[in-house]
Amino acid sequence: MDKKKVYSDLKDILGEDKIMADEPMKKHTSFKVGGPADVLVRPETEEEIKEVFRYIKRENIPHMIIGNGSNLLVRDGGIRGVVVELADNFSGIEVEGNLINVKSGALLSRIGNAALKNELKGFEFAAGIPGSFGGAVAMNAGAYGGEIKDIVKSVRLMDEDGNIFELENKDMNFSYRRSIVTEKGYTVISAVIELEKGEYDDIKAEMDCLREKRVTKQPLNYASAGSTFKRPEGYFAGKLIQDSGLKGLALRDAQVSEKHSGFVINRGNATAKDLLDLMYIVKATVNAKFGVMLEEEVKIVGDDE
């Protein structure tokens, strides 16, 4: 890939203020690690997204779509090709009756606030989940007994060729931390959430209760990507890790959280390699002790340094 040409071509499509070269990915992930992306773009409209994808396809350029990077671990060598960021640059929220139309870059916390303001119940479980809506739809994010599949009415998607289409909930193939998005490599553009009318005080009380649970049980004062490992069938990842004697285990500035063993955290100056090495130790130890091979929930991308 001719980085200068790609930068120049995308600048013509988007304008200079929406494109960055050699952009450190640690600025774009909640883990606060990761080497540079060759080119990072931040389109602001559906048409701009389509134009970027059509260019990428035409020129056969490697690419990756990210939201606000809350479930992403980028290796220290960074990402080759183009990173398309759909975060606060593509995050509109519109409420109409009991329906909320949400663009993929909107934070779940902002959607929760909109639901509360309009006295709509059903989104309480997701209001405290870090991350953007597109990623939550793609992986059918869930917490405290609720999942995205329970509240999504329809989803607007884009394929690799830049074609945009809409699917109803029943056609999204939602399952545990999966959907048709992860199966087919689609991009979430937006979706309609269907909620129920409720009482402001009741909704707020439920959100406050779940928020308090997170604050007391999760290491929110450190950089992380949330739960590091998926829940193995019949087990809880955090308990397996704790019962393996790994709670608090540190490798340089990477650490298994002392507050919740299911979280690997960056205490400040960890590299991606530190985090990955510690995750390997955790997986190997749990497998040796319990015969269970943990699988990362965090998405690992990019090149080694």
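The values are calculated or read from the model by the stated rules, or taken from the named source; none is laboratory data. Keep in mind it's a predicted model, so treat the numbers as computed, not measured. Cβ atoms come from the backbone with ideal geometry, glycine included; neighbour counts cover every protein chain shown.
Evaluate the range 17-36: report whether one residue or more is touching a residue at least 40 places away in the same chain (Cβ under 8 Å), among the small types (Gly, Ala, Ser) and in contact with a helix residue (DSSP H, G or I) (Cβ under 8 Å, 6 or more places away or on another chain). Yes, the conditions are met somewhere in the range 17-36.
Here's the yes/no breakdown for (1) of a type in the set (Gly, Ala, Ser); (2) in contact with a Leu (Cβ under 9 Å, 6 or more places away or on another chain):
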| residue | (1), (2) |
| --- | --- |
| Lys204 | no, yes |
| Cys209 | no, no |
| Ala225 | yes, yes |
| Ser244 | yes, no |
| Gly248 | yes, no |
| Ser257 | yes, no |
| Val264 | no, yes |
| Ala270 | yes, yes |
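If you filter the range 143-163 down to residues that are surrounded by fewer than 16 Cβ atoms within 10 Å (Cβ to Cβ) and in contact (Cβ under 8 Å) with a residue 60 or more places away in the chain, you find that the one that is farthest from Glu206 (Cα to Cα) is Asp161.
For every residue, the table says whether it meets (1) among the β-branched types (Val, Ile, Thr); (2) surrounded by fewer than 15 Cβ atoms within 10 Å (Cβ to Cβ); (3) touching a Cys at 6+ places or on another chain (Cβ under 7 Å).
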{"position": "Glu199", "(1), (2), (3)": "no, yes, no"}
{"position": "Ile203", "(1), (2), (3)": "yes, no, no"}
{"position": "Asp208", "(1), (2), (3)": "no, yes, no"}
{"position": "Val215", "(1), (2), (3)": "yes, yes, no"}
{"position": "Gln242", "(1), (2), (3)": "no, no, no"}
{"position": "Gly262", "(1), (2), (3)": "no, no, no"}
{"position": "Lys283", "(1), (2), (3)": "no, no, no"}
{"position": "Asp303", "(1), (2), (3)": "no, yes, no"}
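The residues of the range 59-103 that are among the acidic types (Asp, Glu) and closer than 27 Å to Ala270 by Cβ, listed by number, are Asp76, Glu85, Asp88. Residues in the range 165-220 that are among the aromatic types (Phe, Trp, Tyr) and part of a helix (DSSP H, G or I): Tyr200 alone.
Close Cβ contacts (under 6 Å, 6 or more residues apart or on different chains) running from residues in the range 181-192 that are among the polar types (S, T, N, Q) to residues that are in a helix (DSSP H, G or I) comprise Thr182/Ala138. With respect to being in a strand (DSSP E or B) and surrounded by fewer than 19 Cβ atoms within 10 Å (Cβ to Cβ), Arg54 falls outside the description.
Filtering Phe125, Phe90 for residues that are assigned to a helix (DSSP H, G or I), in contact (Cβ under 8 Å) with a residue 24 or more places away in the chain and not small (Gly, Ala, Ser) leaves a single hit, Phe125.
Any residue in the range 273-280 that is outside any strand (DSSP E or B), more than 30 Å from Asp38 (Cβ to Cβ) and not assigned by TED's automatic domain parsing to the domain that holds Ser70? Write out each step before concluding.
Filtering the range 273-280 for residues outside any strand (DSSP E or B) gives 273-280.
Those still in the list that are more than 30 Å from Asp38 (Cβ to Cβ) too: none.
Checked against the condition, which is being outside any strand (DSSP E or B), more than 30 Å from Asp38 (Cβ to Cβ) and not assigned by TED's automatic domain parsing to the domain that holds Ser70, the range 273-280 yields no hits at all.
Would you confirm, using the coordinates I've provided, whether Glu233 is free of Cβ contacts under 8 Å to residues at least 60 places away in the same chain and either surrounded by fewer than 14 Cβ atoms within 10 Å (Cβ to Cβ) or in the same structural domain as Ala136 (by TED's automatic domain parsing) (or both)? Yes, satisfied. Each residue in the range 109-135 was checked for being of a type in the set (A, V, I, L, M) and at pLDDT 95 or above, and 5 of them qualify. Quick check: is even one residue across the range 179-196 farther than 21 Å from Met139 by Cβ, outside the structural domain of Met64 (by TED's automatic domain parsing) and not acidic (Asp, Glu)? The answer is no, given that none of the residues of the range 179-196 is farther than 21 Å from Met139 by Cβ, outside the structural domain of Met64 (by TED's automatic domain parsing) and not acidic (Asp, Glu). Residues in the range 62-86 that are surrounded by fewer than 24 Cβ atoms within 10 Å (Cβ to Cβ) and under 10 Å from the mean Cα position of the chain (by Cα): Ser70 alone. Picking from residues in the range 87-106 that are hydrophobic (A, V, I, L, M, F, W, C) and crowded, with 23+ Cβ neighbours inside 10 Å, the one that is farthest from Thr29 (Cα to Cα) is Ile100.
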